[in-house]
Each structure stands twice: as C-alpha cells, then as structure tokens.
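Report on one structure; see the data block that follows.
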C-alpha cells in the first residue's frame, strides 16, 4: 500500500500489533519512511491518543469510513474531536 492509496477517515490496522483506527493524518518524509496516524474509535465522552505507524505495517480494515473534512489552512472546522462509535 502506498501513501496515496490511504484515505482520511478510513479504517486501517497495524499488522504487527493489531491496533486499529481511523486515518487522521499522513506524514511524507524525504527518507521515504512515510507514516499515518491511526485514531481509535471511542465511546462518547472519552478520548484515546492516536498512534503513528509506517505505511508498510498497515492494511485496510473493516469498518465504515467517517467523514473528515480537510482544510488547506487548518483552523477550527468542528472536526477536532475523537471519532465516536
């Protein structure tokens, strides 16, 4: 899987640890060790940290995608909260 195939809001799983979450960020490095941040779904009112994984370690996982509105400039757009099941 390459970084262009990974979509924000889709569910992925780390093949080594089994950690599963929604893709909320991508990082492209000059060295080619590209990564994505996976934010696990939580129950309403709780929060769990996102974790970064090398893209070679992740695979697509079952789960309904969530809508994450992206903005070219960042800032307040109402999506700065943990995904809720």
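The values are calculated or read from the model by the stated rules, or taken from the named source; none is laboratory data. Quick caveat, the model's predicted, so the values are computed rather than measured. No Cβ is skipped: glycine too gets one built from the backbone with ideal geometry, and neighbour counts run over all protein chains shown.
Tell me which residues, restricted to segment 1-19, are under 11 Å from residue 60 (Cβ atoms) and in a strand (DSSP E or B).
Selection gives 11, 12, 13.
Could you tell me which of the residues 28, 38 is at pLDDT below 95 and under 16 Å from residue 2 (Cα atoms)?
Answer to the check: 28.
For residues that are surrounded by fewer than 17 Cβ atoms within 10 Å (Cβ to Cβ) and either touching a residue at least 12 places away in the same chain (Cβ under 8 Å) or outside any loop (DSSP other than H, G, I, E, B) (or both), tally how many sit in segment 21-32.
Within segment 21-32, residues that are surrounded by fewer than 17 Cβ atoms within 10 Å (Cβ to Cβ) and either touching a residue at least 12 places away in the same chain (Cβ under 8 Å) or outside any loop (DSSP other than H, G, I, E, B) (or both) number 4.
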